[in-house]
Amino acid sequence: MKHDPLFAPGTKWSYSNTGYAALGAVLERVTGEGLAELVRDRIARPLGLRHTYYATGSTWRGSHAHGYERDAAHMPPSVPAEFRHLAGERRNGHVDVSDNDPGWGGAAGAVVSTTQDWSRFHTALLSGKLLPAAQMAQLRTTVPVDSRQPDGPGYGLGIQTGATPCGTFWGHDGGMPGYLTTNLADRTGSRTATVLIATEFWAEFEADPKIAKAAQALQSAVTCTMFGKPVPAAAQAG
């Protein structure tokens, strides 16, 4: 609170983990329960998300995808010094960060899940199964991500939307060292898709243009396939 606001509420958009952390603190204060219990009892169990949980420690349950980042000696110069030394086993110029604690994200992203559970969640959310109609209307009320593009991508209450050549998607992305996920759905949640890339600094710090180009082509192809549309030639070439 010691910092001035970036802009008047509701006039612009800027992503910040702080907002989600604050909401998590409010939820715990109002309900008297921890976020792990709230995620389990109000989301995961009712929706049958058997492999989704709020992380409270560094121990990951069951088998999981391994994530990697380059080690300090191979890290691109665009990565800040405080992010260049990661814990984990070294392999061929990379660090296996799979056992790092995801709990640092708190309410902004300390949830471990699977692609199947992501799909079930977005189907339930966007179909109206999870939230009442009034809250869904608030969720879908978006502001432009870029104020210079009022008809461009929008951001609502924890959800993104944007038009593509194959259709308008709803969803969200999320990342931590070693992992970048993008979850997509149509407006009703009847079609869903997920992209998981097992490295993240290329996006966080624009550290690898080659991966960025391939990731964009992959997401375009996945989005069009989700909508049942042919993949544009440009995406196929990428």
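The values are calculated or read from the model by the stated rules, or taken from the named source; none is laboratory data. Predicted model, so just to flag it, every value in this text is computed and none were measured. Please note: Cβ atoms are built from the backbone with ideal geometry, for glycine as well, and neighbour counts cover all protein chains shown. Just so you know, the surface numbers come from the protein's heavy atoms only, side chains and all, with ligands and any DNA or RNA stripped out. Shrake-Rupley method; radii C 1.70, N 1.55, O 1.52, S 1.80 Å.
With 0.36 nm allotted per residue and the present C-alpha distance subtracted, the R61-A133 stretch has 22.5 nm of extension available.
Legend: calculated FRET efficiency, E82 to E37, from the Cβ-Cβ distance at R0 = 35 Å, rounded to 0.05, equals 0.60. Is the range 37-138 rounded, prolate or oblate when judged by the Cα gyration tensor, a ≥ b ≥ c being the square roots of its eigenvalues, rounded requiring a/c under 1.5 and prolate requiring a/b larger than b/c? Prolate.
In this structure, Q149 and S190 have a Cβ-Cβ separation that, at R0 = 25 Å, corresponds to a calculated FRET efficiency of about 0.35. Per the Debye formula on identical point scatterers at the alpha carbon atoms of the range 119-238, with no solvent, log10 I(q)/I(0) at q = 0.14, 0.15, 0.18, 0.19 Å⁻¹ is -0.64, -0.74, -1.05, -1.15.
Figure the gain on full extension for A214 and V26 (residue separation times 0.36 nm, minus the Cα-Cα span) and round it to one decimal in nm.
63.7 nm is the gain from fully extending A214 to V26.
Converting the Cα gyration tensor eigenvalues of the range 98-187 into ellipsoid dimensions via √(5λ) gives semi-axes, longest first, of 24, 17, 13 Å.
Using a 1.4 Å probe over the heavy atoms of the protein chains, calculate the carbon and sulfur portion of the accessible area of the range 47-180 as a whole percent.
Details: 3970 of 7430 Å².
Solvent-exposed carbon and sulfur of the range 47-180 make up 53 percent of the total.
Sorting F83, F121 by accessible area puts them as F83, F121; the probe is 1.4 Å, largest comes first, and only protein heavy atoms count.
Amide H contacts for T164 (H built 1.01 Å from N in the peptide plane; partners 5 or more residues away or on another chain; cut-off under 5 Å): F169.
Alpha-carbon geometry of the range 15-97: the Rg and the Dmax are 17.6, 48 Å, given in that order. The helix-based estimate of mean residue ellipticity at 222 nm for the chain, built from -39,500 (n - 2.57) per DSSP H run of four or more residues and divided by its residue count, is -8000 deg cm²/dmol to the nearest 500. Within the chain, which DSSP H helices have Cα atoms that stretch 27 Å or more along the helix axis and a mean Kyte-Doolittle hydropathy of at least 0.0? Going by DSSP H runs, there are no hits.
Annotation: aspartates and glutamates with alpha-carbon distance below 19 angstrom to K213 (same-chain offsets under eight excluded): E69, D173, E200, E204. Once backbone amide H atoms are built at 1.01 Å from N, V111 has A55 as its partners under 5 Å, excluding neighbours fewer than 5 places away on the same chain.
Along the range 148-163 the Karplus relation, 6.51 cos²θ - 1.76 cosθ + 1.60 evaluated at θ = phi - 60°, assigns HN-Hα couplings of 7, 10, x, 9, x, x, x, 10, x, 7, x, 8, 10, 8, x, 8 Hz to successive residues, with x for each Gly and Pro.
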